[in-house]
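Structure first, then comments.
The values are calculated or read from the model by the stated rules, or taken from the named source; none is laboratory data. Source: prediction; values computed, not measured. Note: ideal-geometry Cβ built from the backbone for every residue, glycine included; neighbour counts use all protein chains shown.
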Amino acid sequence: MDPEDPNLPGHEECPIHAPATGHTILFLEVPDPELPEKRIHFDVLPRERTPAEEVAWLQERGARIIADHRGIHGPGSGWVTFADPEGNQFCVLLSPAEREAYLSAHPR
């Protein structure tokens, strides 16, 4: 857990970090009526593949694209929203390296 965030009940978001692998699961409250009743949505940051390779890998395993937002803010930006075979939605985001490159090229 993040020592800066006590992750108390009622918080709108709660990250859980795995120090050994660098993986993070972020639980974020989002009032989105389009989500299925299970109301869970993961965002995946590829670590071993590019986002395009991750998209293809997931499709080979039964995930279907719901919305493709790649390039929504210009080249090197965006995400792809999927549904797994049970209808749970999740997104594939930029890898950490790609996100860093995009932010460096597009300072706020």
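When both residues are 6+ apart or on different chains and their Cβ atoms are under 8 Å apart, which pairs have a first residue that lies in the stretch 91-108 and is more than 25 Å from Trp57 (Cβ to Cβ), and a second that is assigned to a loop (DSSP other than H, G, I, E, B) and of a type outside the set (Gly, Ala, Ser)?
His106/His73
Regarding Glu4, is this residue over 15 Å from the mean Cα position of the chain (by Cα), modelled with pLDDT of 70 or more and among the acidic types (Asp, Glu)?
no
For every residue, the table says whether it meets (1) surrounded by 11 or more Cβ atoms within 10 Å (Cβ to Cβ); (2) assigned to a loop (DSSP other than H, G, I, E, B); (3) modelled with pLDDT of 85 or more; (4) outside the structural domain of Leu103 (by TED's automatic domain parsing).
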| position | (1), (2), (3), (4) |
| --- | --- |
| Ile16 | yes, no, no, yes |
| Ile25 | yes, no, no, yes |
| Trp57 | yes, no, yes, no |
| Pro85 | no, yes, yes, no |
